[in-house]
There are 2 protein chains.
Amino acid sequence: MNNRPLKVALLGLGNVGAALASELQRRGDAIADRAGGRLELVGAAVRDPARARPGVPESLGKSADPMALALREDVDIVVELMGGTGLAGEVVRAALAAGKAVVTANKALVASDADRLFALAKAHDAPLGFEAAVAGAIPALRALEVSLAGDRIRRVAGIVNGTCNYILTRMEVAGLDFDAALGEAQRLGFAEADPSSDVDGEDAAYKLTILARLALGAAAAPEAVSREGIRGVRAEDLRRAAEVDLVVRLLAIAERGDDGAIDLRVHPTLVPKEHPLAAVRGAMNAVWVEAEAAGPLMFYGAGAGGLPTASAVLGDLVAVAQRVRGGAGAVPRAGSEAAKLVDPGARQASVHVACLVADEPGVLAAIAGAFARHGVSVESCVQHGRHADPVELVFVTHRCREAALDAALAEVGALPAVREVASRLRVQPDAEG
Amino acid sequence: MNNRPLKVALLGLGNVGAALASELQRRGDAIADRAGGRLELVGAAVRDPARARPGVPESLGKSADPMALALREDVDIVVELMGGTGLAGEVVRAALAAGKAVVTANKALVASDADRLFALAKAHDAPLGFEAAVAGAIPALRALEVSLAGDRIRRVAGIVNGTCNYILTRMEVAGLDFDAALGEAQRLGFAEADPSSDVDGEDAAYKLTILARLALGAAAAPEAVSREGIRGVRAEDLRRAAEVDLVVRLLAIAERGDDGAIDLRVHPTLVPKEHPLAAVRGAMNAVWVEAEAAGPLMFYGAGAGGLPTASAVLGDLVAVAQRVRGGAGAVPRAGSEAAKLVDPGARQASVHVACLVADEPGVLAAIAGAFARHGVSVESCVQHGRHADPVELVFVTHRCREAALDAALAEVGALPAVREVASRLRVQPDAEG
């Protein structure tokens, strides 16, 4: 290995880019020690080169042309922090095709274009790091790729969207309803003005496909993920859940069934209070992994934020730098196969169902009858409230086919005495009795 | 990189060795895919080669001479699972000196001989992996070494002894006292017949010095760790702690003070119920890390057991195999410096102190006076029980010098009305108000 300084082009100077530039300057010697030589920031590409950027070294040359900067002859490593899949994708693909190492935090790009990116990296022997694209500071991807390389992973369940976790834990702790918790998250900067990508599970679906690729070797497009966001979770559901020592988390789940088919889904999930995933609160993230030999593992940490994300980018920078200097690793294995996805109709779960009904004789019998006709077995049923209209009936099913439950609930919803099937929440599989 | 099969010598065929041999056979193709070529087990060294070993391939040649096997010309990688620091140390050092790659799960060896081992690995360019030596299946060491390479770690707090965690959580959940919980752990195989290395914190101290080396670059002998085991933790303490939403965990803590001095200590610690470390129950392990940029991180998983430990050994095997094939990494950085340790007299903590006293006027005043004379400020004091002898007074101090508290408690213990200072438990620093 040689020790020449490696030249780094930085595309994007937002929160993460600025934190990265500042860390590279402040801790250059320590980072050089780990990376086998200095990492020299030779320029940054930004939309407006004239804008003042506090915290970013004055001396750093700024350009408005990311493609030209990335492809400069002397650049060894391109750090892409622009976001988006258009220009960012073009630049990343061109850099890989030119044999340059690339580090990116761009989950949308990696999720939607992984096949091409991995193939380019392999064809041009170009290292590609994207640890920061999933669960911010948490080094979960490297663990899946390297540390668990000798093991076989059965299931991954991640809390990978800090906005949703913040909202759900505020609803849990403060008894807020969804809208109030979302408003609070927006005021505090944990949610965007348009929160749909977060609260509808799209962001989590992106990250899930990246996890599935590394953990299960299963390639799938983000659109193939079954997803359900958290807009339908009621404060009432969290209160009822707490009474039986459960909490709600938005889980992004990838698992391989006994027949080899892969299930990819994002939905609010009931998790026992004692489960380590229940200890993930506020905007924190975690990735729960079940491996054949290792057993259960969890990786916990900050999922977003300039400095935490910069830490993950720095870890990748050190790894790809070692690779550029003649080492191994850091080129993604191209071993992912197009996932054979499960038939959604075959999915099974134990589910909590809340129905708002008129408090009159025969309602329970009618609902129980609908469940029975579809082969859904009820583990428990509790009525909350009396002599009110409506009262709430909460059913917990045994593990059943979700499609059968859907059909049963369609019948239930049509019963005259039933005002509304107000919510349905699946129970985390490893928590089922 | 070439793809020739690499030859592996396996020293030791206990739980972990047998699980490893079986996994290498069962999952050989998948492991070859990750390791860049096949890993071929060429022989095992055991004390009694004639003994039948269920689960271990019949064809595996067995020898009673680990040194000869390790140094065989054709062996590329030596996996040391013998344990102990005598013969195991000789063999590992000889293998490294011969330029062979070594993977070991031997915490006592790595903790007590790290300086020599790391220097040999560096001098002979020999990869050395020891992920399995700390926290079993959890890939915490690689995260510290690689993923956080660009960050600066301030503090590590590990639950690294599954025996103690099992005992403490059984005391917490079932109200058992220490002896009953230990007996149960022994019956279930979670504790040895002679449990002292576990319950007195020696095992945790070994692991702590390895963590400190990788996380803080601080080299220290296991004897330099201040340690206090869990024999003195009373069921009563756990009940009182639960009343104020605290639990007790045996934490192995390494931190760097503002003056650069390193504090290494193992002791039972009060942790808030909501803290992720409190979600670590039974024989599970976890490593909590606080990094400057990444913020808090936690790595959770099985700390022991044949298969989980074999998973970590396999991860190391894949990493060193890539290295043997011409890659980078896997040779420990020799950057650790002899740690400047903190002056124990300067340590500070907030502490819960339980005193058994006669229920008579003036006792509280006398104890409070002793605290005051030594500058220990009391945050709260609660008397449990009345008209009994003794009653229990529980004090919570503000953050104070532990040496001052020791001096105060010596006076308290000598007061005529004080039967006993029954326990003292430090509060986890990041949980202090």
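The values are calculated or read from the model by the stated rules, or taken from the named source; none is laboratory data. Computed from a predicted model, the values in this text were never measured in an experiment. Please note: Cβ atoms are built from the backbone with ideal geometry, for glycine as well, and neighbour counts cover all protein chains shown.
A few points about this structure:
- Single match in A:Leu264, A:Leu270 (criterion: outside any loop (DSSP other than H, G, I, E, B), more than 17 Å from the chain's Cα centre (by Cα) and not small (Gly, Ala, Ser)): A:Leu270
- Meets criteria (outside the structural domain of A:Gly217 (by TED's automatic domain parsing) and surrounded by fewer than 23 Cβ atoms within 10 Å (Cβ to Cβ)) for A:Leu120: yes
- Flag if A:Arg227 is in contact (Cβ under 8 Å) with a residue 60 or more places away in the chain and charged (D, E, K, R): no
- Residue, nearest to B:Thr309 (Cα to Cα), within the range A:298-308, restricted to residues that are in contact (Cβ under 8 Å) with a residue 60 or more places away in the chain, facing chain B (nearest Cβ under 9 Å) and surrounded by 24 or more Cβ atoms within 10 Å (Cβ to Cβ): A:Phe299
- Residue in the range B:43-58 that is surrounded by 16 or more Cβ atoms within 10 Å (Cβ to Cβ), touching a helix residue (DSSP H, G or I) at 6+ places or on another chain (Cβ under 8 Å), under 28 Å from B:Gly303 (Cα atoms) and within 14 Å of chain A (Cβ to nearest Cβ) present: no
- B:Thr163 vs. criteria over 30 Å from B:Arg231 (Cα atoms), crowded, with 24+ Cβ neighbours inside 10 Å and among the hydroxyl-bearing types (Ser, Thr, Tyr): no
- Taking the range A:144-200 as the range and being of a type in the set (Ser, Thr, Tyr) and either out of contact with any Asp or Glu (no Cβ under 8 Å at 6 or more places or on another chain) or in contact (Cβ under 8 Å) with a residue 40 or more places away in the chain (or both) as the test, the residues that pass are A:Thr163, A:Tyr166, A:Thr169.
- Scanning the range A:329-341 for residues that are farther than 30 Å from A:Ala121 by Cα and small (Gly, Ala, Ser) turns up nothing.
- Given (1) over 15 Å from the mean Cα position of the chain (by Cα); (2) within 13 Å of another protein chain (Cβ to nearest Cβ), number of the condition B:Glu243 does not satisfy: (2)
- Test: residue in the range B:140-152 that is at pLDDT 90 or above, closer than 26 Å to B:Lys273 by Cα and either of a type outside the set (Asp, Glu) or crowded, with 20+ Cβ neighbours inside 10 Å (or both): no
- For the range A:1-17, taking the residues that are surrounded by fewer than 21 Cβ atoms within 10 Å (Cβ to Cβ) and within 29 Å of the chain's Cα centre (by Cα), the one that is nearest to the other protein chains (Cβ to nearest Cβ) is identified as A:Asn15.
- Of the numbered criteria (1) surrounded by 24 or more Cβ atoms within 10 Å (Cβ to Cβ); (2) modelled with pLDDT of 95 or more, the one B:Ala137 fails is (2).
- Taking the range B:102-204 as the region of interest, the helices (runs of 4 or more DSSP H) fully inside it that hold 2 or more residues being farther than 29 Å from A:Asp151 by Cβ and within 14 Å of another protein chain (Cβ to nearest Cβ) are B:162-174.
- Here the range B:328-360 is the region considered, the condition is being among the basic types (Lys, Arg) and at pLDDT 75 or above, and the residue that is surrounded by the fewest Cβ atoms within 10 Å (Cβ to Cβ) is B:Lys340.
- Here B:Leu69 meets each of (1) in a loop (DSSP other than H, G, I, E, B); (2) buried (at least 19 other Cβ atoms within 10 Å of the Cβ) with one exception, condition (1).
- Looking across B:Ala88, B:Ala35, one residue alone is within 13 Å of chain A (Cβ to nearest Cβ), under 30 Å from B:Leu208 (Cα atoms) and small (Gly, Ala, Ser). It is B:Ala35.
- Matching residues in the range A:72-94 - criterion: being hydrophobic (A, V, I, L, M, F, W, C) and crowded, with 21+ Cβ neighbours inside 10 Å: A:Ile77, A:Val78, A:Val79, A:Leu81, A:Met82, A:Ala88, A:Val91, A:Val92
- Within the range B:387-433, the residues that satisfy the criterion of being buried (at least 16 other Cβ atoms within 10 Å of the Cβ), of a type in the set (A, V, I, L, M, F, W, C) and assigned to a loop (DSSP other than H, G, I, E, B) are B:Leu415, B:Ala417.
- Selected residue [free of Cβ contacts under 8 Å to residues at least 60 places away in the same chain and under 24 Å from B:Gly217 (Cβ atoms)] from B:Gly295, B:Gly385, B:Gly375: B:Gly295
- Within the range B:8-54, being within 24 Å of B:Gly83 (Cβ to Cβ) and part of a loop (DSSP other than H, G, I, E, B) holds for B:Gly12, B:Leu13, B:Gly14, B:Val46, B:Arg47, B:Asp48, B:Pro49, B:Ala50, B:Arg51, B:Ala52, B:Arg53, B:Pro54.
- Taken together, the residues in the range A:254-274 that are touching a strand residue (DSSP E or B) at 6+ places or on another chain (Cβ under 9 Å) and farther than 21 Å from B:Pro139 by Cβ amount to 14.
- Only listed residue being over 30 Å from B:Cys381 (Cα atoms), aliphatic (A, V, I, L, M) and out of contact with any Leu (no Cβ under 7 Å at 6 or more places or on another chain), chosen from B:Leu208, B:Leu214, B:Leu188: B:Leu188
- Top-ranked residue in the range B:248-270 [being farther than 26 Å from B:Arg231 by Cβ and hydrophobic (A, V, I, L, M, F, W, C); ranked as surrounded by the fewest Cβ atoms within 10 Å (Cβ to Cβ)]: B:Ala261
- No other residue among A:Ala97, A:Ala108 is buried (at least 17 other Cβ atoms within 10 Å of the Cβ), hydrophobic (A, V, I, L, M, F, W, C) and at pLDDT 90 or above apart from A:Ala108.
- Of all residues in the range B:277-294, those that are surrounded by fewer than 23 Cβ atoms within 10 Å (Cβ to Cβ) and either assigned to a loop (DSSP other than H, G, I, E, B) or out of contact with any Leu (no Cβ under 9 Å at 6 or more places or on another chain) (or both) total 3.
- Under the condition of being in contact (Cβ under 8 Å) with a residue 60 or more places away in the chain and part of a loop (DSSP other than H, G, I, E, B), the residues counted in the range B:76-101 number 4.
- One residue from B:Glu236, B:Glu292 being at pLDDT below 95, away from chain A (no Cβ under 13 Å) and on the phi < 0 side of the Ramachandran plot: B:Glu236
- The conditions of being assigned to a helix (DSSP H, G or I), surrounded by 24 or more Cβ atoms within 10 Å (Cβ to Cβ) and among the small types (Gly, Ala, Ser) are met by A:Ala215.
- Check on B:Asp203, charged (D, E, K, R), touching a residue at least 40 places away in the same chain (Cβ under 8 Å) and surrounded by 18 or more Cβ atoms within 10 Å (Cβ to Cβ): yes
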